[in-house]
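Student: I'd like to ask you about the structure that follows.
Laboratory data are not the source of any read-out in this text; all were calculated from the coordinates shown. Computed from a predicted model, the values in this text were never measured in an experiment. Because the Cβ atoms are built from the backbone with ideal geometry, glycine has one as well, and the counts that use them run over all protein chains shown.
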Amino acid sequence: MSIIIYSIGLIASFAIAKSILDFLWFYFLRPTNHWQKFLQGPSPYAVVTGATDGIGKATAKELYDKGFNLILHGRSEKKLKDVVEKIQSVKSKSTGQIQDVKCFLEDGSEAGIDFEGIAKKFEGLNVTILVNNVGSFTIRPERFDEWTEEEHMKQIRLNSLFPMFLTRAFLSSLRTTACARPALVVFIGSFSDETPMAKIILYSATKHFVRRLALGLHADERFDTPDDKAVSFMYANLGPVSSQMVREPPSFVRPSSKLFAEKLVGTFGCGRQMVVPYVGHYLMRLTFTTLPEFLVAKMLSTSARGLIEEAIKKSKSQS
Ligand SMILES: NC(=O)c1ccc[n+]([C@@H]2O[C@H](COP(=O)([O-])OP(=O)(O)OC[C@H]3O[C@@H](n4cnc5c(N)ncnc54)[C@H](OP(=O)(O)O)[C@@H]3O)[C@@H](O)[C@H]2O)c1
């Protein structure tokens with residue numbers, strides 16, 4: 001009996017020690033310059049969707065400063081033009097030059113988007129990174145079955161289908177790149193994919209879809225192609241970030257979009273398929289995954305209630 005208890009204790013100690021060492025390695029010791037792998041070849045480009053605000057805008061700026069040319073996506077012509085002008089108003093910190101910035105407009109929640117047409121527009125460019133950042137949710141007082149089918153479809157199209165079909169359209173060009181140099185597709189996720197919240201049911205579900213898609217694509221690309229010649233895929237999981245979507249001031253558990261973007265880009269090329277780029281989010285997630293489920297559900301519903309009620313009040317006053 002004592003040998004069994006001793007063995008269980010030993011295995012548990014190894015598991016805990018491994019988690020602690022991994023935590024220290026990933027957040028404090030690991031080199032964070034592996035994004036340099038994606039700067040190879042002639043004029044490397046990074047595509048960033050939802051680049052007119054929040055995390056997308058900050059990620060675009062971060063990549064520009066690191067020497068990437070950009071292909072930016074937005075839905076508002078004016079906002080996109082302003083972002084492009086602002087980014088190009090200064091030289092890239094690393095190259096000391098004005099990098100090229102191209103863009104495309106598309107409302108990601110609409111049906112009938114010509115994804116092949118978008119990819120064709122940028123054919124021949126050395127695209128090494130695609131950041132599927134665009135995403136959003138709407139909190140409304142109506143219950144799930146009171147939303148119209150089209151309202152549900154808009155959430156699914158924006159958060160799941162837009163990243164999926166855009167990736168599909170760019171895949172053959174990314175595969176060509178990957179034969180010669182590393183190529184990466186990033187999907188921006190959300191903690192809501194594993195700790196669902198009231199009133200954003202489809203948002204949680206669509207983020208879960210995107211997570212499975214990223215991990216599945218990584219495995220699928222390696223089925224026929226050797227690892228070092230295959231496109232890599234990464235799902236970045238995150239908690240709250242101060243942005244247009246979450247208009248709360250930054251704090252330890254809610255970094256600014258700029259700080260989050262810095263940490264995000266620091267994970268590019270790290271070799272993992274699922275990352276939590278920001279340490280405060282990791283600790284938050286650890287709490288969720290360690291505490292009993294009923295306690296997490298209670299904590300979430302208490303903390304979310306105020307947020308939801310406020311959003312509902314706002315949406316009522318706007319309508
Ligand atoms: N902020 C958070 O706390 C948080 C937490 C977890 C996950 N995330 C994820 O992080 C990503 C970025 O979020 P964020 O906080 O940076 O949001 P944000 O500040 O609201 O920015 C969202 C970006 O997506 C664009 N966008 C929204 N709806 C669109 C549509 N229908 N068609 C085309 N573009 C559209 C916005 O365009 P406009 O500028 O025109 O509005 C903007 O460029 C999302 O995938 C989100 O799910 C965020």
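Student: Tell me whether the range 237-319 comes out rounded, prolate or oblate; compute the Cα gyration tensor, take square roots of the eigenvalues as a ≥ b ≥ c, and use a/c under 1.5 as the rounded threshold.
Tutor: Because a/c hits 1.5 or more and a/b fails to exceed b/c, the range 237-319 counts as oblate.
Student: Based on the mean of other Cβ atoms within 10 Å per residue, sort peptides 184-191, 9-16, 240-247 so the most packed one is first.
Tutor: Most protected by this proxy first, the peptides run 184-191, 240-247, 9-16.
Student: Report ³J(HN,Hα) in whole Hz for each residue of the range 288-295, in order, from the Karplus equation J = 6.51 cos²θ - 1.76 cosθ + 1.60 where θ = phi - 60°; Gly and Pro get x.
Tutor: 4, 7, 8, 6, x, 3, 5, 6
Student: Add -39500 (n - 2.57) for each DSSP H run of 4 or more in the chain, then divide by its residues: what number comes out at 222 nm, to the nearest 500 deg cm²/dmol?
Tutor: -15500 deg cm²/dmol
Student: Sticking with this structure for a sec: Excluding residue 223 itself, calculate the net charge of residues whose Cβ lies under 14 Å from the Cβ of residue 223, where each Lys or Arg counts +1 and each Asp or Glu counts -1.
Tutor: Summing Lys/Arg as +1 and Asp/Glu as -1 gives -1.
Student: How high is the relative contact order of the chain, in percent, with contacts defined as C-alpha pairs under 8 Å that are six or more residues apart?
Tutor: 18 percent
Student: Then there is this: With a 10 Å Cβ neighbour count serving as the proxy for reagent exposure, in which order, fewest first, do 73, 281, 218, 152 appear?
Tutor: Ordered by Cβ neighbours within 10 Å, fewest first: 152, 218, 281, 73.
Student: Between residue 246 and residue 310, what is the label-to-label distance in nm when each label sits 7 Å out along the Cα-to-Cβ direction?
Tutor: In this crude label model, residue 246 to residue 310 measures out at 1.2 nm.
Student: Cross-link candidates for residue 298: which lysines have Cα within less than 16 Å, leaving aside residues fewer than 8 places away along the same chain?
Tutor: Of all the lysines, those that pass the test against residue 298 - Cα under 16 Å, at least 8 places apart if same chain - are 199.
Student: How big is the dipole moment of the chain about its Cα centre under a simple scheme where the beta carbon of each Lys and Arg is +1, that of each Asp and Glu is -1, and everything else is neutral? Debye, nearest 20, please.
Tutor: Value, rounded to 20: 800 debye.
Student: What's the percent breakdown of Cα-Cα distances in the chain across 20 Å bins, shortest bin first?
Tutor: 30, 57, 13, 1
Student: How many angstrom lie between the C-alpha centres of the range 190-263 and the range 5-22?
Tutor: The distance from the Cα centre of the range 190-263 to that of the range 5-22 comes to 29 Å.
Student: Pop the C-beta distance of residue 77 and residue 7 into the FRET formula with R0 = 45 Å and round what comes out to the nearest 0.05.
Tutor: 0.10
Student: Taking neighbour Cβ counts within 10 Å as the exposure measure, how do 103, 179, 270 sort from fewest upward?
Tutor: Lowest count first: 179, 270, 103.
Student: If the chain between residue 53 and residue 110 were fully stretched, how many nm would it gain, using 0.36 nm times the residue separation less the Cα-Cα distance?
Tutor: Additional length available on full extension: 18.6 nm.
Student: Further question on the same structure: Which order do 100, 228 fall in if you start with the one that has the fewest other Cβ atoms within 10 Å?
Tutor: Fewest-to-most Cβ neighbours within 10 Å comes out as 228, 100.
Student: Just add up the charged neighbours of residue 62: K/R +1, D/E -1, any other residue whose Cβ is under 12 Å from the Cβ of residue 62.
Tutor: My count for the surroundings of residue 62 gives +4.
Student: Give me the aspartates and glutamates in straight-line cross-link reach of residue 79: C-alpha distance below 14 Å, same-chain residues under 8 apart excluded.
Tutor: Result set, ordered by chain and number: 53, 106, 107.
Student: Right, another one. Loop-only check: which trypsin sites (Lys or Arg not before Pro) in the range 18-104 are DSSP coil with at most 14 other Cβ within 10 angstrom?
Tutor: 91, 93
Student: Then there is this: Give me the Debye-computed log₁₀ of I(q)/I(0) at q = 0.14, 0.19, 0.26, 0.30 Å⁻¹ for the range 143-195, equal point scatterers on Cα only, no solvent, two decimals.
Tutor: -0.56, -0.80, -1.03, -1.11
Student: May I pose another question? List the lysines whose alpha-carbon lies under 27 Å from that of residue 18, not counting same-chain residues fewer than 8 positions away?
Tutor: 263
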